[in-house]
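Worksheet: one structure, shown below.
Bear in mind these aren't lab numbers, they're just calculated from the coordinates by the rules spelled out. Since we're looking at a predicted model, the values are computed, not measured. Here the Cβ is made from the backbone with ideal geometry for all residues, glycine too, and neighbour counts use every protein chain on show.
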Amino acid sequence: MSTKKISFEDSLHRLKEISELLEDENTGLEESIKLYEEGVKLAKKCYTTLDQAEVKIKELKKDLENNIE
Amino acid sequence: MDLFNQFDETVLTVSEITDSVKKTLERSFSGLKIVGEISNFKAHFSGHWYFTLKDANAQISCTMWRGFNSKVFFTPQDGMKVIVNGSITVYPPRGNYQIDVKSMKVAGEGELQAAFEKLKRKLSDEGLFDEELKQPIPKFPTKIGIVTAIDSAAYRDMVSVASRRYPLVELIVASSRVQGEGAAEEIAQNIKLLDSQKDIDLIIIGRGGGSLEDLWAFNEEIVALSLFECRTPVISGVGHEIDFTIADFVADLRAPTPTAAMELATPDQAEIFGFISDFSYTSTNNIFSVIDYHKEDIESILTSYGFRAYDSVIRNKSQMLDNLIYRMQNGTDQLIDKFKNDLEKNMNLLESHNVEKILKKGFALVKQDESFILRAKDFDAKKKTKLKFFDNEIKIN
């Protein structure tokens, strides 16, 4: 599969998962540091994405007359 | 022609009499207002309406052509009391008369309410409101379809709520008339249109507040059915808090207003920012405590018995070493003392041999070629000779 950009929602889910793993005592030191690095990057990305977003608007039109009857 | 006076002689054909009746009735009964209850209502696929108006003792057939009925904001239901405006027409092929209805309004607000209750009951019985059919509303929609009038305040409110709460979202607007002529049909069509777009996560149908009549399009069966068939989750936000429409009951989620609908549709970015900064804070704390935890682990290993035992081995050895060094130091010092003693003895000896002391006693030394002559055999009488006394040196030859 191609490397599809993960959605904002997926990013937030991953962030939540990471924060839970970091709270888990069974996560080792190296793993924790890796997760922390990933989390910080992801948090930064999410923040920037949301911070710079602007609502897009598109109007959908269709010849309604043809559809009545 | 006087029909009655000439009745005996004149024979009329069916067409003639019908034509006569048609002219008489249509001339006499035009521009009428008639109140009655609708029954046998049929909306033909051509767009024309056929129904009967009745009261306790009489009934009359009615037709309402498409061009006129499209201006009626509601779809009539059997049992609804209405006031129609129209004229009597006669339809010769059937020999019947009917009202050609030009306009129609409900006989009172209560009629709409009653129609509403009736449709609500019917659709409820048909299962259109079933809770188990309600679809969950996605938490983080990417695209939201909106069915509303694009020039309305409701639309502007929805856009501003989306911008404030979740600017990541894309809004796809299918603008519709939301009241009056053709509104219900357009709303239904636009719901279908948005539903047919593959990537829309959620649809909002909405309009601002108004009278029961203004909101009526959302009480029409055609809208209810399009909502029921819609595979995309729908939030309805019609009118004010107190307004309930049929659409509200069929939609997957009812919001009291269009603004509230957009609020329910979008996550709040303030909360997301909060979550992100929370993450940064707690995770940083957590990673430090993980590191501290491991530090403590290492410290407890270092202070464990095994490590301490090793430590004491080192300490023992080091003590031994100190001892040795001490002893060595001691030994050297004694040696140095001994040397010192010897040296002193020798110095004294040397002192006793001091030539100057002997000269002082009156002895003299013989010197030739700047060397002292210590034995007679070394003396050369031909050489210049000096005698060194304690106080001076003198030349002899």
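Worth pointing out:
- If you wrap the Cα atoms of the stretch B:92-223 in a convex hull and average its projected area over all directions, you get 11.9 nm².
- The protein assembly as shown: translational diffusion in µm²/s, Stokes-Einstein, Kirkwood Rh over Cα pairs, 20 °C, 1.002 mPa s: 65 µm²/s
- The order of B:Val355, B:Val101, A:Val55, going from fewest to most other C-beta atoms within 10 Å of their C-beta, is B:Val355, A:Val55, B:Val101.
- Neighbouring partner chain Cβ atoms per residue of B:278-284, average, 10 Å criterion: 6
- Relative contact order of chain B, pairs being alpha-carbon contacts under 8 Å that are 6 or more residues apart, as %: 10 percent
- Shielding by partners for peptide B:189-198, expressed as the average number of C-beta atoms from other protein chains within 10 Å of each residue's C-beta, is 2.
- Once the Cα atoms are used to define both axes, helix B:109-125 deviates from the longest principal axis of chain B by about 60 degrees.
- The share of C-alpha pairs in chain B whose separation exceeds 37 Å stands at 61 percent.
- Gaussian network model of chain B, Cα within-10 Å springs - most flexible of B:Phe45, B:Phe244, B:Phe279: B:Phe45
- Entry note, the stretch B:134-278: relative contact order of 30 percent, from Cα contacts under 8 Å with a spacing of 6+ residues.
- This ranking places B:Ser289, B:Ser304 by how few other beta-carbon atoms lie within 10 Å of each, fewest first, which gives B:Ser304, B:Ser289.
- The stretch B:243-397 - percent relative contact order, Cα under 8 Å, separation 6 or more: 10 percent
- Legend: ranking of residues B:Ile60, B:Ile205, B:Ile287, B:Ile336 from fewest to most surrounding C-beta atoms inside 10 Å; resulting order B:Ile336, B:Ile60, B:Ile287, B:Ile205.
- Ellipsoid equivalent to the stretch B:178-217 - semi-axes via the Cα gyration tensor, in Å: 23, 12, 5
- Residue-wise HN-Hα coupling along the stretch B:64-77, computed from phi with Karplus coefficients 6.51, -1.76, 1.60 (Hz; x: Gly, Pro): 9, 6, 3, x, 8, 6, 5, 8, 7, 6, 10, 8, x, 10
- When each of the peptides B:176-187, B:123-134 is scored by the mean number of other C-beta atoms lying within 10 Å of its residues, the order from highest to lowest reads B:176-187, B:123-134.
- Largest GNM mean-square fluctuation among B:Leu321, B:Leu365, B:Leu53, using chain B with Cα springs under 10 Å: B:Leu365.
- Of the peptides A:28-38, B:63-73, B:161-171, B:230-240, the order by per-residue mean of other Cβ atoms within 10 Å, starting with the highest, comes out as B:230-240, B:161-171, B:63-73, A:28-38.
- An ellipsoid equivalent to the stretch B:1-112, defined through the eigenvalues of its Cα gyration tensor, has semi-axes of 32, 14, 12 Å when rounded to whole angstrom and sorted largest first.
- The 3J(HN,Hα) values that the Karplus relation (6.51, -1.76, 1.60; θ = phi - 60°) gives for the stretch B:237-246 are, in residue order, x, 10, x, 9, 3, 7, 8, 10, 10, 4 Hz. Gly and Pro appear as x.
- Peptide A:7-13 has a mean shielding of 4, counted as Cβ atoms of other protein chains within 10 Å of each residue's Cβ.
- Each residue of the stretch B:87-143 gets 243 Å³ once the volume of the Cα convex hull is shared out per residue.
- Directionally averaged shadow of the stretch B:320-397, computed from the convex hull of its alpha-carbon atoms, nm²: 8.4 nm²
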